[in-house]
Structures are given as C-alpha cells and as structure tokens.
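Presented below is the structure to which this report refers.
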Amino acid sequence: MEKNNLALGKQGEELASSYLINKGFKLLERNWRFKRLEIDIIAMKDGQLYFIEVKTRASLEFGYPEENILKKKMKRIRIAATHYHFLHPQYKRIQYDVLSVYISGETCTEIRHFEDVYG
C-alpha cells in the first residue's frame, strides 16, 4: 500500500531530524510558520542558523527529491526565514540547506544533504 504524501513527508522530516541531530545540529523549530509560509526545520550549529527544506520521495519515477524544489518554493522559504531572523537577530550567520530523503518501502535508503544552496 502506497503512503499518502502527508504521511511520507512526515516520515521524511522525522528521518531528516534524526540525521541532523546525529550530525551535531540543535533543532530549534519544526514546521515553523509565518503567515502561509512554512520552514520544515530551523536548526543551529556552531552559532550558525540553518533553514532547512526537506523533500521526501518513495519513488524516483519523477526524479530525485531535491529536483522538485522550485525557485518559487525557495523564495517563499527565504521570505519566512527573513522574518524568523528578524525575530532572532542574535544569529549573525545563516544558511539555507536542503535534505533529500528517499524511502523505499519502509526503509530509508538515502539522505542527501545539500549545504548552502544560496551560496
């Protein structure tokens, strides 16, 4: 039975959160909202603030998860991130990352971390 997109996305965010914690990140927010915009994960590491978009797929039929993040989506994340940063000005350095999660059946087969996507 195929998972619906909401359940798949939630599972992907859980896996991404565990991945980040194991890499030494401190998670500050999950699914943080500003108006109708949302940031999947906001984290901190070494004094730097990270805004992280998580994309999850159960099939590569339509390409890798990260290939489905459109410029419009990143622009919306940037708007929300700007507001979050305004509310938390103590962070001098920020970075935008993408975590691509591929789940085959019930198994996470791959997590790819794309760092500094606005670099």
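What follows draws every value from the coordinates through simple rules; no lab data is involved. Model, not experiment: these values are computed from the prediction. Methodologically, a virtual Cβ is constructed for each residue, glycine included, from the backbone with ideal geometry; neighbour enumeration extends over all protein chains shown.
For region 1-41, the candidate set comprises residues that are within 21 Å of Glu106 (Cα to Cα) and among the small types (Gly, Ala, Ser); within that set, the residue that is surrounded by the most Cβ atoms within 10 Å (Cβ to Cβ) is Ala16. Summed over region 62-105, residues that are exposed (fewer than 14 other Cβ atoms within 10 Å of the Cβ), polar (S, T, N, Q) and touching a residue at least 40 places away in the same chain (Cβ under 8 Å) total 1.
Inclusion of Tyr102 among residues that are among the hydroxyl-bearing types (Ser, Thr, Tyr), under 23 Å from Ser18 (Cβ atoms), part of a helix (DSSP H, G or I) and in contact with a strand residue (DSSP E or B) (Cβ under 9 Å, 6 or more places away or on another chain) is not warranted. Residues in region 80-119 that are charged (D, E, K, R) and under 20 Å from Gly24 (Cβ atoms) were compared, and the one that is farthest from the chain's Cα centre (by Cα) is Lys92.
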